[in-house]
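The structure follows.
Values quoted throughout were computed directly from the atomic coordinates according to the rules given, and no laboratory measurement underlies them. Keep in mind that this is a model prediction, so the values were computed, not measured. Quick reminder, even Gly has a Cβ in these numbers, built from the backbone with ideal geometry, and neighbours come from all protein chains shown.
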Amino acid sequence: MGLKEDLQAIQSTALHSVDPALAVRRSLLRQDTRLSVNAVVWDLEQIDRVFLIAVGKAAPAMAAAAVALLGEYLTAGVVLTKYHHAAGYRFPNVLQVIEAGHPVPDAAGLRSARTIAALLADTTIHDRVLVLLSGGGSALLTLPVAGVTLEDLQVTTDLLLRAGATINELNTVRKHLSAIKGGQLARLAAPASVISLILSDVVGDPLDVIASGPTAPDNTTYHDALSVLTHYTLLDCIPGAVRQYLESGARGTVPETPKPEEPLFSYVYNCIVGSNRLSALAAVAEAQRLGYHALLLSTFVEGEAREVAKVAAALAKSVRYHNEPLPVPACLVWGGETTVTVRGKGKGGRNQELALAAALALEGMYNVALLALATDGTDGPTDAAGAIIDGQTVREARGCGWDPRAALQENNAYPLLADTKALLRTGPTGTNVNDLMVLLIQ
């Protein structure tokens, strides 16, 4: 096989390792009427009602595995996912399946969040709530605070995305404009006990950031949310209702999100069942099986996509000329989530931008290839999951009439990579654990 075929094999193995249904089945065990996650055990015969709330891009797959385990003990629930991600799944009538907008929230997400809030409104100490969370949940689970509209949230989200805000920063703001994020789903479910199984799409797996932490105590404040908007000089750009509410919160005139010391969290168990690290380690193992010296560099990669690409190219040259940090044939793997500060009017995503920038930095090198993959199958507002490039991609682009540097400046990687047949189109993968980058050098 060639380098690109090897990268496709590595990609397939990495995605399979974080299959959402497998992740649920590994963690949620049932023996007779006892359902358990680690030391937490529910005796289903002693419970009045069991509610299932699944939110995120992997919600259908996670919910299907949970439904198979719960069987007749499932009372009701909601499966909320991104448009076109629930196709092919069949659920019992007690579950409502709703598709909604991502990354900018929409009316369908608002309706579904209201449905979830109403479902949990009368829970008792004899009920149980199983929550399944995955990436995309923050945009999908939309329930604005009083005085803030859906349109206000859409404008604020879009401004932060275009400014290049990290997911931590974006969700710090989102949590403080929501009546269901930042631990408030757990507050709605109280006094029922909650188990939350979480497929992490955030660097470092912080519980309060993944899907904006609906079942986790929130470690951020209104002051933090205002600081994010100040940092990106957006305070004067966001809707007035958003600024007014956040400033009211900072003054203490509206309640904070639930904090770690609140008693309600003694009835909540949060468990990470899949992560970027697990996927990256599977990529390393597959590369070794294919005969490469392989190394996981980090799963904490953040920053501008085009700057991360320069580091990737530097590593490729270090391997090629100095056999450092590995001798050839070498495979270097890293994960995380880069950002793009949008300055142009082109089409693309963070992984496509990284791939194009890496192609420029690797121009002319032979036997080098790089995979930049959004593990959910959606890179930015496109139908691509990312791209596979090599040292000849730029030459091929010029042969198609492109100026690659101009395309990068215009944030227009998508059509260039399409013309050079470098785009990856996987469709929705059913999982979401950040981005994966794999560099092969022979």
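Please state, to two decimals, what the Cα-based radius of gyration of region 89-167 comes to when divided by 2.2 N^0.38 Å (N = residues).
For region 89-167, the normalised Cα radius of gyration comes out at 1.27.
A follow-up question, please. Say the dipole of the chain comes from +1 at the beta carbon of Lys and Arg and -1 at that of Asp and Glu; which of Val18, Thr156, Gln352 then lies farthest toward its positive end?
Projecting each Cα onto the dipole axis, the largest value belongs to Gln352.
A further question follows. Starting from 0.36 nm per residue, how many nanometres of slack lie between Glu302 and Ala68 once their C-alpha separation is accounted for?
80.5 nm
What is the distance in Å between the Cα centres of region 321-378 and region 11-60?
If we compute the Cα centre of each part, the gap is 34 Å.
Also: How much length, in nm to one decimal, is gained on full extension between Leu150 and Arg398, taken as 0.36 nm per residue of separation minus their Cα-Cα distance?
My answer for the length gained is 84.9 nm.
Highest mean first, how do 323-334, 65-76, 29-40, 171-182 rank when packing is the count of other Cβ atoms within 10 Å averaged over residues?
171-182, 323-334, 65-76, 29-40
Given the Cα atoms of region 277-441, and with Rh set as the inverse mean 1/r over their pairs in the Kirkwood sense, what is Rg to Rh to two decimals?
Rg/Rh for region 277-441 comes to 0.95.
Shifting gears a bit: In nm, to one decimal, how far is the Asp43 label point from the Met1 one, both placed 7 Å along Cα→Cβ?
5.1
Still on this structure, please answer the following. Give or take rounding to whole Å, what are the principal axis extents of the alpha carbon atoms in the chain, in descending order?
65, 55, 36
Amide H neighbours of Ala76 under 5 Å, at least 5 residues apart or on other chains, H built in the peptide plane: list them.
Val50, Leu52
What length, rounded to one decimal in nm, is gained on full extension from Arg405 through to Val342, with 0.36 nm per residue of separation minus their alpha-carbon distance?
So the chain would gain 21.2 nm between Arg405 and Val342.
Now, a different point. Let me have the 222 nm mean residue ellipticity of the chain computed from DSSP H runs of 4+ only, each contributing -39500 (n - 2.57), with the sum over all residues rounded to the nearest 500.
-11000 deg cm²/dmol
Here is a follow-up. Using the Kyte-Doolittle scale, find the helices of the chain whose mean hydropathy is at least -1.0 and whose Cα atoms extend 15 Å or more along the helix's long axis, counting only whole DSSP H runs.
3-17, 59-70, 107-119, 150-163, 240-251, 276-289, 305-322, 350-361
Take Arg425 and Thr230, extend 7 Å from each Cα along the Cα→Cβ direction, and tell me the distance between the two endpoints in nm.
It works out to 4.7 nm between the two label points.
I'd like the FRET efficiency for Arg26 and Lys317, computed as 1/(1 + (r/R0)^6) with the beta carbon distance as r and R0 of 45 Å, rounded to 0.05.
0.70
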